[in-house]
1. If r is the Cβ-Cβ distance from Met131 to Ala90 and R0 is 25 Å, what FRET efficiency results, to the nearest 0.05?
2. Taking the alpha-carbon set of segment 123-230, what are its Rg and Dmax in Å?
3. At 7 Å along the Cα-to-beta-carbon direction for both Val27 and Leu177, put a label point, then send me their distance in nm to one decimal.
4. Gain in length, Val97 to Ala152, computed as 0.36 nm per residue apart minus the alpha-carbon separation, to one decimal in nm?
5. Considering only protein heavy atoms, what per residue accessible area in square angstrom results for the chain with a 1.4 angstrom probe?
6. Assigning unit charges at the beta carbon (Lys, Arg +1; Asp, Glu -1) and nothing else, what dipole magnitude in debye, to the nearest 20, does the chain show about its Cα centre?
7. Quantify, in whole percent, the carbon and sulfur part of the accessible surface of the chain (1.4 Å probe; protein heavy atoms only).
8. Cβ neighbours within 10 Å, averaged per peptide: list 163-172, 131-140, 106-115 in order, most packed at the top.
Amino acid sequence: MESHKNKLPSAWVSALPLAVLTLLLYVVIRCFGGDAINGGSQIALLSATSVYVMLSIGIYRCKWSVLEDAIIDNIRASASAIIILLLIGAIAGSWMVSGVVPTMIYYGLKILHPSFFLVASCVICAGVSLMTGSSWTTIATIGVALMGIGQAMGFPEGWIAGAIISGAYFGDKISPLSDTTILASSVTDTPLFKHIRYMMITTVPSMLITLVIFTVAGLSHEATATDQIE
C-alpha cells in the first residue's frame, strides 16, 4: 500500500493535463480571440486542473486533503506576485494621472538621441529593475514612458518593447531584491549571491550581445532617417 501510495506518475501521465490545457487554450483563443482572457481561458485552466485531480485520485489514490494542501501552498507562494500586480496597476495609474509619464516623455525626447535610444532604454530599465527587484514595475512605469519616447522618434514598437523587456528582466534576475531570484535560491537551498553569480555566467553575455544588437539597430535607424531627410 505504501509503495503504491508513493508511486510517481509516468512522463506520459504527467504530460496529459498539460496537453489538455494546451488544446483547450488553442480552442478558446481560436473561438474568442482577444476576449479569451475574459473567461474562456479560466475555464480551460480549471478543466486541466480537474483532469489532474481525477488522475491523482483515480489512478494514484491520492487523498483530496493532500491535493488541497498543495493548492494552498501554491496560492501562498504566488500571493506576493498577485500583490505586486495590484501595486503595479496603482503605480502606473497614478503616474499617468499625475503627469509623471508625460513629463518623462517630454524630457526624454530632449535628452535621448535616436542613435543610442534602444541601448539607453535597455540599460535604464536594467538599472531600475536591479534597484527595485521587479521587472513588472519597471515595464509598467519607466517602460511606458520609454515606449512613448521611442514612438515619437519613429522606432518600431517591437524594437522598443524588446529593449525595455530585455533590460527589465536582466535587472530582475540579478537583483537580490527580486522575489523570483530569492525563491529560486531558497528552493534549491543555494546562498542568494552564489545563485546570482552563477546566473550571471549566462545573463551577462546575453546582455552584451543584446546591447550590440540594439546599438546596430539604433545606428541603422538614425542613418535611415538621415537619408530620408536628405
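The values are calculated or read from the model by the stated rules, or taken from the named source; none is laboratory data. The shown structure was predicted, so the numbers you read here are calculated from the model rather than taken from an experiment. For neighbour counting, all protein chains shown are included, and Cβ atoms are generated from backbone atoms with ideal geometry for every residue, glycine included. Side chains are part of the model used for accessible areas, which takes the heavy atoms of the whole protein and leaves out ligands, DNA and RNA. Shrake-Rupley method; radii C 1.70, N 1.55, O 1.52, S 1.80 Å.
1. 0.85
2. Looking at segment 123-230, its Cα Rg and Dmax stand at 16.3, 61 Å.
3. According to this spin-label approximation, the distance is 4.5 nm.
4. Details: separation 55, 0.36 × 55 = 19.80 nm, distance 2.04 nm.
Taking Val97 through Ala152 to full extension adds about 17.8 nm, to one decimal.
5. Working: 14350 Å² over 230 residues.
Value for the chain: 62 Å² per residue.
6. With only Lys, Arg, Asp and Glu charged at Cβ, the dipole is about 600 debye.
7. Carbon and sulfur atoms account for 72 percent of the accessible area of the chain.
8. The peptides rank, most packed first, as 163-172, 131-140, 106-115.
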